[in-house]
Amino acid sequence: MDKKESLRKIVETIDNIKELAEYGIPVLIEGKKDAESLKNLGISGRFIFVSRTPIFQIADTLKKEGILEVILLTDFDKAGKKYAREILSEFQNRGIKVNNILRNELLKYSRGDLKDIESIYAYISRRVDIMPNFDDMLLPHVISNVGMTLDGKLATVSNDSRISSENDLKRVHELRKEVDGILVGIGTILKDDPRLTVHKVPAVPKENPIRIVVDSSLRIPMTARVLNSDAKTIIATTKPSSNEKDEKIRKLISMGVTVIQTGAKKVNLKDLMNELYKQGIKKILLEGGGTLNFGMFKENLISEIRVYVAPKIFGGSNAPTYVDGEGFKTVEDSPKLELKNHYILDDGIILEYIVIK
Ligand SMILES: NC(=O)C1=CN([C@@H]2O[C@H](COP(=O)(O)OP(=O)(O)OC[C@H]3O[C@@H](n4cnc5c(N)ncnc54)[C@H](O)[C@@H]3O)[C@@H](O)[C@H]2O)C=CC1
Ligand SMILES: Nc1nc(O)c(N)c(N[C@@H]2O[C@H](COP(=O)(O)O)[C@@H](O)[C@H]2O)n1
């Protein structure tokens with residue numbers, strides 16, 4: 001792994017810590033300077049200083065509060081290792097999961113250069129300064145959401161996709177309000193002709209997220225509803241040009257649509273994500289379908305999953321499923337997920353996962 005890739009991995013680890021901390025998982029650190037360094041990196045949440053209170057006491061308090069998991073981020077020196085051993089023992093004895101993976105990743109990817117948590121911020125910012133292309137590595141936070149049947153279908157063989165309950169659709173539209181962009185594949189546009197705006201809960205029309213369509217062969221019909229003026233739209237297509245394609249791009253641009261060209265046969269999803277990030281689209285809701293979902297999972301571009309599982313079975317080997325495409329060849333190749341939340345909504349169940357990168 002070269003230096004650039006190692007730094008990218010460290011930034012990804014920081015992003016994972018950020019997500020988990022925002023979820024309410026306490027972060028165990030040694031002192032105030034560690035908290036400052038993490039805050040400078042945009043990590044907010046509950047920091048617990050293990051140098052101030054006996055570890056068994058902290059574990060007892062968190063146990064009483066019903067905390068199920070903590071993130072271990074003590075230093076990498078002798079003292080930090082001693083704290084880590086004690087935390088692992090005291091917390092695990094009380095049935096509290098200790099997430100040690102992120103600390104290990106920081107150590108691994110910094111190849112031992114990082115000695116403590118308080119210097120993480122300086123470590124990263126120094127390297128970002130000497131890497132002018134660092135911007136090329138930044139990617140948006142992507143939440144994948146679908147409404148699926150118990151057998152994982154997104155629609156029937158004849159494309160009836162009425163899966164979500166009324167309250168689930170409201171949940172999705174609340175989620176749409178939180179993001180900068182909504183991403184779908186052209187298959188979904190051709191089959192559903194969606195609006196991709198916030199229209200099932202009260203909202204300010206001007207604040208609709210940007211609609212992003214991944215369309216390798218530029219098949220989008222000029223009458224598609226995503227091209228209306230309800231929100232801004234970005235179409236991502238491949239680079240190779242033809243007279244016909246160039247003409248269509250010109251028409252789209254004249255309608256106010258932004259066209260991003262990346263990739264040869266298929267849209268290069270990683271490049272696209274980086275370009276969207278640079279354009280200020282930092283949080284994306286991926287709303288399928290199955291082909292694009294696979295492409296996004298394959299490139300490791302999804303951070304979170306939220307699915308509504310409806311008490312329905314559609315069957316049909318040609319009916320779209322949550323993740324289609326070529327599929328992963330082995331279990332090792334497939335994404336690693338961690339269940340973060342689940343609850344009943346109407347007659348279905350919501351499952352929320354974090355993708356472990
Ligand atoms: N129940 C639900 O929550 C949802 C259901 N759906 C259903 O899913 C179906 C549509 O799914 P699909 O046909 O699979 O189409 P899709 O929406 O996944 O679009 C696939 C297209 O994405 C484009 N693409 C470009 N670059 C790509 C890349 N690198 N990787 C992957 N795709 C790339 C290709 O042009 C490809 O044809 C419809 O039946 C729709 O109703 C779609 C979204 C949500
Ligand atoms: N969450 C969810 N549940 C379902 O049952 C669905 N069929 C979908 N479909 C997605 O939502 C789009 C429709 O959006 P508009 O209401 O037109 O804004 C559709 O194209 C799918 O992406 N989603």
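Residue-by-condition table, conditions (1) farther than 24 Å from Leu154 by Cα; (2) surrounded by fewer than 12 Cβ atoms within 10 Å (Cβ to Cβ):
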site	(1), (2)
Val201	no, no
Lys206	yes, yes
Arg219	no, no
Ala231	yes, no
>> Against the definition (open to solvent by 50 Å² or more (accessible area, probe 1.4 Å), assigned by TED's automatic domain parsing to the domain that holds Thr321 and within 22 Å of Thr321 (Cβ to Cβ)), how does Asp193 come out, yes or no?
In response: yes
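Only residues that are β-branched (Val, Ile, Thr) and within 13 Å of ligand 2 (Cβ to nearest atom): list them for segment 287-329, please. Break it down into steps so the answer makes sense when it comes.
We begin by selecting, within segment 287-329, every residue β-branched (Val, Ile, Thr); these are 291, 302, 305, 307, 309, 313, 321, 323.
Matches in segment 287-329: Thr291, Ile305, Val307, Val309.
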> What is the number of the single condition among (1) away from ligand 1 (no atom under 13 Å from the Cβ); (2) more than 27 Å from Glu207 (Cβ to Cβ); (3) assigned by TED's automatic domain parsing to the domain that holds Leu345 that Asn167 does not meet?
Replying inline: (2)
> If we scan segment 41-60, do we find a residue that is more than 23 Å from the chain's Cα centre (by Cα) and hydroxyl-bearing (Ser, Thr, Tyr)?
Replying inline: yes
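Kindly indicate the residue of segment 197-228 that is part of a helix (DSSP H, G or I) and modelled with pLDDT under 95 and also farthest from ligand 1 (Cβ to nearest atom) among those meeting that condition.
Among residues in segment 197-228 that are part of a helix (DSSP H, G or I) and modelled with pLDDT under 95, the one farthest from ligand 1 (Cβ to nearest atom) is Lys206.
Among the residues of segment 294-303, are any more than 15 Å from ligand 1 (Cβ to nearest atom) and touching a strand residue (DSSP E or B) at 6+ places or on another chain (Cβ under 9 Å)? Before the answer, list the steps.
Just the residues of segment 294-303 that are more than 15 Å from ligand 1 (Cβ to nearest atom), to begin with: 303.
So of that shortlist, the ones also touching a strand residue (DSSP E or B) at 6+ places or on another chain (Cβ under 9 Å) come out as 303.
Within segment 294-303, one or more residues are more than 15 Å from ligand 1 (Cβ to nearest atom) and touching a strand residue (DSSP E or B) at 6+ places or on another chain (Cβ under 9 Å).
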>> Tell me yes or no: at least one residue of segment 314-324 is part of a helix (DSSP H, G or I) and surrounded by 21 or more Cβ atoms within 10 Å (Cβ to Cβ).
In response: no
> Within the set of pairs 6 or more residues apart or between chains, which connect a residue that is of a type in the set (Asp, Glu) inside segment 331-343 to a residue that is open to solvent by less than 40 Å² (accessible area, probe 1.4 Å) and part of a strand (DSSP E or B) with Cβ atoms less than 9 Å apart?
Replying inline: Glu338/Ile354; Glu338/Val355
> Tell me, which residue of segment 79-92 that is more than 11 Å from Glu69 (Cβ to Cβ) and in contact (Cβ under 8 Å) with a residue 24 or more places away in the chain is most open to solvent (accessible area, probe 1.4 Å)?
Replying inline: Glu86
>> Give all pairs with beta carbons closer than 7 Å in which a residue from segment 1-15 that is under 17 Å from Leu301 (Cα atoms) meets a residue that is modelled with pLDDT under 80 and open to solvent by less than 30 Å² (accessible area, probe 1.4 Å); count only pairs at least 6 apart in sequence or on separate chains.
In response: Arg8/Met137; Val11/Met137
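Out of segment 107-125, which residues are over 19 Å from Ile48 (Cα atoms) and either modelled with pLDDT of 95 or more or in a helix (DSSP H, G or I) (or both)?
Leu107, Lys108, Tyr109, Ala122, Tyr123, Ile124, Ser125
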>> Pull out all pairs, ordered by first then second residue, where Cβ-Cβ is under 6 Å, the residues are six or more apart or on different chains, the first lies in segment 38-64 and is within 30 Å of Arg126 (Cα to Cα) and in a loop (DSSP other than H, G, I, E, B), and the second is small (Gly, Ala, Ser) and open to solvent by less than 50 Å² (accessible area, probe 1.4 Å).
In response: Ile43/Ala21; Gly45/Ala21; Ser51/Gly31
> Taking helices (runs of 4 or more DSSP H) that do not extend beyond segment 231-301, which have at least 3 residues that are touching a residue at least 40 places away in the same chain (Cβ under 8 Å)?
Replying inline: 269-278, 290-298
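The values are calculated or read from the model by the stated rules, or taken from the named source; none is laboratory data. Model, not experiment: these values are computed from the prediction. Neighbour counts run over all protein chains shown; Cβ positions are idealised from the backbone, glycine included. Heavy atoms of the whole protein, side chains included, go into the accessibility calculation; ligands, DNA and RNA do not. Shrake-Rupley method; radii C 1.70, N 1.55, O 1.52, S 1.80 Å.
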